[in-house]
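Below you'll find the structure, written out as structure tokens, and then a few comments.
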There are 2 protein chains.
Amino acid sequence: MDATNNSEDIYETPYAEIDSFFDSAPPLRDGTNISSKLKDFIEMHSSSSVSGSGGVNRVVCVTSGGTTVPLERRCVRYIDNFSSGYRGAASTEYFLKAGYSVIFLYRRGTCQPFCRSLPDDPLLECFEFTDESNIQVHQSHFEAVKRALTGHDAAVAGGFLLKLPFTTIFEYLQILQLIAISMRSLGPSAMFYLAAAASDFYVPWKSMTEHKIQSRSGPLDMRLVQVPKMLSLLRKEWSPMAFCVSFKLETDKEILLEKADMALRKYKMHAVVANELLTRKEEVVVVTSTGNITVHRDKTQPDADVECPLIHLLVERHSAYIKDSDF
Amino acid sequence: MDATNNSEDIYETPYAEIDSFFDSAPPLRDGTNISSKLKDFIEMHSSSSVSGSGGVNRVVCVTSGGTTVPLERRCVRYIDNFSSGYRGAASTEYFLKAGYSVIFLYRRGTCQPFCRSLPDDPLLECFEFTDESNIQVHQSHFEAVKRALTGHDAAVAGGFLLKLPFTTIFEYLQILQLIAISMRSLGPSAMFYLAAAASDFYVPWKSMTEHKIQSRSGPLDMRLVQVPKMLSLLRKEWSPMAFCVSFKLETDKEILLEKADMALRKYKMHAVVANELLTRKEEVVVVTSTGNITVHRDKTQPDADVECPLIHLLVERHSAYIKDSDF
């Protein structure tokens with residue numbers, strides 16, 4: 001409450017706010033089932049059984065898509081953050097290619113790994129019935145459909161990809177906490193790649209109206225409170241040895257790098273990926289304590305994306321981090 | 001501005017508010033293309049060429065899904081209304097079955113006609129690659145996939161179904177206006193079935209912040225203004241002869257029928273479908289000037305839905321309305 005307290009450590013986690021957020025959240029549905037899936041997945045990758053390398057496999061938790069903030073308990077209206085989930089889905093593919101196993105924590109309905117080249121409504125746009133029992137893929141979409149089905153099935157069936165969906169900011173942070181605590185045992189082999197567009201503001205469940213907000217009584221005034229930053233807690237308590245990459249999206253280029261740098265220091269991230277809304281598919285800046293690296297997509301290749309060199313760079317950094325942690 | 005003016009006609013359209021809403025909206029992208037599609041579709045159904053009945057074909061505009069309200073011009077955050085689009089998609093199927101042609105104005109990404117029985121992610125869940133060039137549908141989903149592809153293709157290819165997508169409240173109302181003005185020539189053979197969950201509140205484009213709202217400066221206070229009700233304008237000017245059905249969704253049963261009845265009188269609807277959030281798939285009440293009719297789904301059939309008897313009733317009412325208009 002004392003804003004003039006200059007002795008406050010900027011790394012301090014506001015525990016009271018975090019407790020209040022989790023207390024205010026509706027209970028996570030299906031929590032036991034999620035925990036059990038996570039336990040199995042992490043156990044499999046804690047041994048050498050999959051890679052055969054004799055060590056612990058690298059596991060990355062990729063978060064993807066926007067979170068919603070309900071404005072009413074029996075939810076009709078909510079605030080949402082724009083995110084197609086393209087970056088998270090593409091990055092998941094490159095992490096899998098680099099030998100990582102991936103926990104993909106994604107917003108329901110957003111882009112899925114291996115499905116980026118498909119049209120919006122793949123069933124209606126890619127297929128046709130040729131006769132009573134035969135379905136054909138239109139030639140123009142054949143390669144995209146084949147890639148989606150074979151790539152996705154191989155990753156899931158092989159045990160390299162665990163997909164966990166969320167919708168609200170409450171679900172997102174509750175599941176992220178479960179994941180982070182499960183991944184603690186992986187030590188520095190764990191990575192967090194927090195590409196989801198998490199809401200900054202929410203309406204505490206307890207102060208939320210039960211019924212639909214009525215529209216007849218003039219303008220609507222709303223007060224939203226800040227979602228406490230969980231990054232400090234992730235770094236300090238949930239998974240303190242993991243390599244952590246967060247994202248900063250701004251529409252205003254002027255303040256982007258400054259804010260990314262602030263997040264790096266404040267939350268002790270290992271890297272912050274700074275991206276501007278309009279150019280985010282062309283380039284991003286990876287902000288680290290040893291300097292900033294701008295990563296571009298390869299413009300000579302029409303299908304090349306910025307996630308390919310970005311994941312390449314982060315995997316290198318993660319390797320160096322694991323090596324350093326050995327000593 | 002004078003709230004004490006009791007002489008105000010409750011049917012009065014607040015033109016100034018409506019002008020201010022449309023002036024405040026960003027220009028509709030692809031407007032010329034939409035107008036040209038509408039012109040062709042209506043022309044086809046204004047003649048007897050399709051039905052061969054010698055008269056004007058019946059055309060219904062079904063609106064479906066929720067609208068978004070951007071909170072920033074370069075939009076990262078927005079307010080959304082919950083709606084899967086199931087009701088609009090199901091109703092479209094029954095209208096087609098009853099011989100109507102349908103303009104389906106739907107929120108991008110929501111449920112499509114003939115696709116209700118599919119899982120969330122039909123491509124990844126229904127199909128598999130059997131070898132290099134063969135895709136198979138899993139047996140358990142075969143009938144659902146077949147129904148989706150054949151039903152949807154027949155309606156679109158036959159010229160009975162025109163699909164127009166929207167995302168924001170601005171797009172929704174701009175396209176609805178284009179549709180309504182196009183449908184005017186159909187006279188009483190036109191129907192509006194306004195099942196979309198349109199936002200009640202918006203941030204006027206002109207007062208909207210250019211950049212992403214910053215989160216560091218404490219709680220966020222927002223003032224949203226009411227979206228003007230366009231129903232009066234639809235009835236009075238855009239398509240005055242059309243049969244109009246609007247929807248009222250509430251979570252509080254106590255006020256539902258009262259509000260539906262108020263909408264019926266205020267906007268001169270021909271019917272208002274009143275539904276409560278928790279029971280909306282089991283029953284709805286059709287509120288009309290001659291009384292209320294409760295419509296239930298047929299509980300003896302596991303796959304039966306409430307839209308089947310609802311559309312049956314509305315088609316009957318529309319027939320009576322067309323007959324009355326002849327005299």
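The values are calculated or read from the model by the stated rules, or taken from the named source; none is laboratory data. Not measured: the values here are computed from a predicted model. Glycine gets a Cβ as well: all are built from the backbone with ideal geometry, and neighbour counts include every protein chain shown. Please note that ligands, DNA and RNA were not included when accessible areas were found on the heavy atoms of the full protein model with its side chains. Shrake-Rupley method; radii C 1.70, N 1.55, O 1.52, S 1.80 Å.
General remarks:
- Some residue of the range A:163-176 being modelled with pLDDT under 95, over 29 Å from A:SER46 (Cα atoms) and facing chain B (nearest Cβ under 8 Å): no
- From the list B:TYR100, B:TYR106, B:TYR86, the lone residue that is modelled with pLDDT of 85 or more and under 23 Å from A:GLU72 (Cα atoms) is B:TYR86.
- In this entry, B:PHE142 is excluded by the filter for residues that are within 25 Å of the chain's Cα centre (by Cα) and of a type in the set (A, V, I, L, M, F, W, C).
Conditions (1) surrounded by 16 or more Cβ atoms within 10 Å (Cβ to Cβ); (2) at positive phi, marked per residue:
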residue	(1), (2)
A:ALA260	yes, no
A:LYS268	yes, yes
A:THR279	no, no
A:GLU282	no, no
A:ALA304	no, no
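- The set of residues in the range B:175-197 that are surrounded by fewer than 23 Cβ atoms within 10 Å (Cβ to Cβ), polar (S, T, N, Q) and over 13 Å from the mean Cα position of the chain (by Cα) contains only B:SER185.
- Out of B:THR110, B:THR130, sole residue that is of a type outside the set (D, E, K, R), assigned to a loop (DSSP other than H, G, I, E, B), within 22 Å of A:PRO113 (Cα to Cα) and in contact with a strand residue (DSSP E or B) (Cβ under 8 Å, 6 or more places away or on another chain): B:THR110
- Scanning the range A:70-99 for residues that are more than 9 Å from chain B (Cβ to nearest Cβ) and either assigned to a loop (DSSP other than H, G, I, E, B) or among the hydrophobic types (A, V, I, L, M, F, W, C) (or both) returns A:SER84, A:GLY85, A:ALA89, A:ALA90, A:PHE95, A:LEU96, A:ALA98, A:GLY99.
- Meets criteria (basic (Lys, Arg), open to solvent by 20 Å² or more (accessible area, probe 1.4 Å) and over 29 Å from B:PRO113 (Cβ atoms)) for A:LYS206: yes
- The range A:126-148 - residue that is among the hydrophobic types (A, V, I, L, M, F, W, C) and in contact (Cβ under 8 Å) with a residue 24 or more places away in the chain and, of those, surrounded by the fewest Cβ atoms within 10 Å (Cβ to Cβ): A:ALA144
- Verdict on B:PRO188 being within 30 Å of A:ALA198 (Cβ to Cβ) and not in a loop (DSSP other than H, G, I, E, B): no
- Verdict on B:LEU234 being more than 13 Å from chain A (Cβ to nearest Cβ) and surrounded by fewer than 21 Cβ atoms within 10 Å (Cβ to Cβ): no
- Those strands (runs of 3 or more DSSP E) of the range A:233-327 in which 2 or more residues are not β-branched (Val, Ile, Thr) occupy A:243-250, A:271-276, A:291-296.
- Candidate set from the range B:248-257 (those that are more than 9 Å from chain A (Cβ to nearest Cβ) and under 18 Å from B:ASP200 (Cα atoms)); member that is surrounded by the fewest Cβ atoms within 10 Å (Cβ to Cβ): B:LEU256
- Against the conditions (1) within 10 Å of chain A (Cβ to nearest Cβ); (2) out of contact with any Ser or Thr (no Cβ under 6 Å at 6 or more places or on another chain); (3) under 19 Å from B:TYR267 (Cα atoms), B:VAL156 satisfies every one except (3).
- Of the residues examined, A:ASP221 is not one that is within 9 Å of chain B (Cβ to nearest Cβ), acidic (Asp, Glu), assigned to a helix (DSSP H, G or I) and in contact with an Asp or Glu (Cβ under 9 Å, 6 or more places away or on another chain).
- Test: residue in the range B:121-135 that is over 30 Å from B:ASP40 (Cβ atoms), at pLDDT below 90, facing chain A (nearest Cβ under 10 Å) and touching a Phe, Trp or Tyr at 6+ places or on another chain (Cβ under 6 Å): yes
- Test result for A:SER289, under 20 Å from A:ALA190 (Cβ atoms), open to solvent by 40 Å² or more (accessible area, probe 1.4 Å) and among the small types (Gly, Ala, Ser): yes
- Check on B:ALA154, open to solvent by 40 Å² or more (accessible area, probe 1.4 Å), among the small types (Gly, Ala, Ser) and not in a strand (DSSP E or B): yes
- Every residue from the range A:88-122 that is crowded, with 21+ Cβ neighbours inside 10 Å and polar (S, T, N, Q): A:SER91, A:THR92, A:SER101, A:GLN112
- Yes/no for A:GLN226 being open to solvent by 50 Å² or more (accessible area, probe 1.4 Å), at pLDDT below 95 and in contact with a Phe, Trp or Tyr (Cβ under 9 Å, 6 or more places away or on another chain): yes
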